[in-house]
Amino acid sequence: RRNTPGMNTENYPNTAPLQFLPHMSWDRRGEVPKSPGIYAISKGTPENLIYVGLTQQTDGLRGRLGQFHRSATTGMHNHAGGVTYHKLFGPEVSDLIFTVHLAEIPTTSPRDLSDYLRTAERSAIWEHIARHGRPPACNKA
């Protein structure tokens with residue numbers, strides 16, 4: 001695992017840097033586990049981050065990336081970031097790449113997991129804002 005450009009939380013007190021898996025091509029999204037976590041989607045290169053999201057759903061990261069794909073390629077409402085992608089870039093997704101952060105925390109509390117995921121997601125989005133002056137293109141401000 002490694003830190004991903006635009007996803008460094010080292011400057012935030014009381015937080016550890018988020019560790020993301022290496023980037024994968026979009027056609028490999030079905031290979032990620034059905035686990036809770038954070039996902040980051042880029043267009044073309046890792047530096048062109050367009051969306052950061054979280055999931056705690058039953059189908060986990062695999063299911064949420066699938067929802068993004070359906071909304072991005074069709075414009076249908078299933079994933080807000082995917083709908084925004086479709087509006088901004090159209091249905092072409094072949095140049096998308098993604099990375100994931102698996103939520104491996106020492107708790108069984110759904111509330112603790114939810115708090116962790118929201119904090120991690122917001123930290124990653126804030127890091128992008130701090131570097132670029134705006135959130136990723138498909139995240140709402």
Where the chain is the region considered: accessible area per residue in Å², 1.4 Å probe: 52 Å²
Eligible lysines near Lys140 by straight Cα distance, threshold 23 Å, same-chain separation 8 or greater: Lys43, Lys87
Calculated diffusion of segment 64-141, Stokes-Einstein form, Kirkwood radius summed over Cα pairs, 10 °C and 1.306 mPa s, µm²/s: 113 µm²/s
Of Ala103, Thr119, Thr84, farthest towards positive along the dipole that unit charges on Lys, Arg, Asp, Glu beta carbons give the chain: Thr84
Contour minus Cα-Cα distance for Lys87 and His132 (0.36 nm per residue): 14.1 nm
12 Å beta-carbon shell around Thr55, net charge (K/R +1, D/E -1): +2
Value at 222 nm in deg cm²/dmol, rounded to 500, when DSSP H runs of n ≥ 4 in the chain each add -39,500 (n - 2.57): -11500 deg cm²/dmol
For the chain, alpha-carbon Rg and Dmax in angstrom: 14.1, 41
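The values are calculated or read from the model by the stated rules, or taken from the named source; none is laboratory data. Please read these numbers as outputs of a predicted model, since none were measured by experiment. Counting neighbours? That spans all protein chains shown, and the Cβs are built from the backbone with ideal geometry, glycine included. The accessibility values were calculated without ligands, DNA or RNA, using every heavy atom of the protein model including side chains. Shrake-Rupley method; radii C 1.70, N 1.55, O 1.52, S 1.80 Å.
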